[in-house]
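Undergrad: To start, I am sharing the structure in question, which I have written as structure tokens.
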Amino acid sequence: MAAKTFLTQSQYESVQLSLKNGSSAADVSKEIEGYLSDRLSAHPLWRKARPVAIGSWARHELSLKSDIDIIFLGDEKTVVQVTTDLTSEGLRLRSRVP
């Protein structure tokens, strides 16, 4: 599996299969977005952290090794909790909170 990806092994393999079967870049990005959204929205404070997708995610151009760019508009305590929890679950996040 790729060294840097937020997908599970089975998700990664599914996306690889989609690519081999000739799926369009837009369809592959949509598949990846679905996996990412499912993972992030499973966190109980996700919506409260008020995330806003930016970068390739906002443009619907996610790839297997995309960086996940998010701006959080929620309160600092909630954002710190969400980012700490997701990092401890293995999602590689770089974040900065004032």
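Undergrad: So, in nm, how far is label ARG47 from label ASP75 when the simple model puts each one 7 Å beyond its Cα toward the Cβ?
TA: Result for the modelled spin labels: 1.8 nm.
Undergrad: Compute the helix-to-body angle for 25-41: its Cα long axis versus the longest principal axis of the chain, expressed 0 to 90° and rounded to tens.
TA: Rounded to the nearest ten degrees, it is 30.
Undergrad: Separate question: Work out which trypsin sites (Lys or Arg not before Pro) in the chain are exposed loop sites (DSSP not H, G, I, E or B, at most 12 other Cβ within 10 Å) and give the longest gap free of them. Please report the intermediate quantities before stating the final value.
TA: Numbers: sites that count: LYS4, ARG59, LYS65, ARG92, ARG94, ARG96.
That gives 5-58 as the longest site-free run.
Undergrad: Show which lysines lie in cross-link reach of LYS48 when reach means a straight Cα distance below 21 angstrom and same-chain residues fewer than eight apart are skipped.
TA: Candidates past the 8-residue exclusion: LYS77.
Undergrad: Local charge sum around ASP75 (other residues, Cβ-Cβ under 9 Å, Lys/Arg +1, Asp/Glu -1)?
TA: Working: positive: LYS48, ARG50, LYS77; negative: GLU76.
Net charge around ASP75: +2.
Undergrad: Okay, moving on. Residue separation times 0.36 nm, minus the C-alpha to C-alpha distance between HIS60 and LEU19: what's the value?
TA: Details: separation 41, 0.36 × 41 = 14.76 nm, distance 1.62 nm.
Between HIS60 and LEU19, full extension yields 13.1 nm more.
Undergrad: Still on this structure, please answer the following. Could you work out how much longer the chain between THR84 and ARG96 gets when fully extended? Use 0.36 nm per residue separation minus the Cα distance between them, nm to one decimal. Kindly include the intermediate steps, with their values, before the conclusion.
TA: Details: separation 12, 0.36 × 12 = 4.32 nm, distance 1.13 nm.
Additional length available on full extension: 3.2 nm.
Undergrad: I would also like to ask the following. Compute the acute angle (0 to 90°) between the alpha-carbon long axis of helix 9-20 and the principal axis of greatest extent of the alpha-carbon atoms of the chain; round to the nearest 10°.
TA: 40
Undergrad: With every protein chain present, what is the per residue accessible area of the chain (1.4 Å probe, Å²)? Before the final figure, lay out each step's value.
TA: On the way: 6520 Å² over 98 residues.
I get 67 Å² per residue for this part.
Undergrad: On the full set of protein chains, 1.4 Å probe, figure out the accessible area of SER37 and give it in Å² to the nearest 10.
TA: 50
Undergrad: Pairing the Cα long axis of helix 76-88 with the longest principal axis of the chain, what angle in degrees results, from 0 to 90 and rounded to the nearest 10?
TA: Relative to the chain, helix 76-88 is tipped by roughly 40 degrees.
Undergrad: In the chain, if the dipole is taken from +1 on Lys/Arg beta carbons and -1 on Asp/Glu beta carbons about the Cα centre, which of LEU19, GLN9, ILE54 is farthest to the positive end?
TA: Working it through, the farthest residue towards the positive pole turns out to be ILE54.
Undergrad: Would you mind estimating how fast the chain diffuses translationally, via Stokes-Einstein at 37 °C and 0.692 mPa s with the Kirkwood radius over Cα pairs, in µm²/s?
TA: On the way: Rh = 14.1 Å.
After rounding, the answer is 232 µm²/s.
Undergrad: How much mean residue ellipticity at 222 nm does the chain get from its helices, if each DSSP H run of length 4 or more adds -39500 (n - 2.57) and you divide by all residues, to the nearest 500 deg cm²/dmol?
TA: Numbers: 4 runs with 46 residues, N = 98.
When only DSSP H runs of four or more count, the value is -14500 deg cm²/dmol.
The values are calculated or read from the model by the stated rules, or taken from the named source; none is laboratory data. Everything numeric here is computed off the predicted structure, so don't read it as measured data. Note that each Cβ is placed from the backbone with ideal geometry, even for glycine, and that neighbours are counted across all protein chains shown. Only protein heavy atoms, including side chains, enter the accessible area calculation; ligands, DNA and RNA are left aside. Shrake-Rupley method; radii C 1.70, N 1.55, O 1.52, S 1.80 Å.
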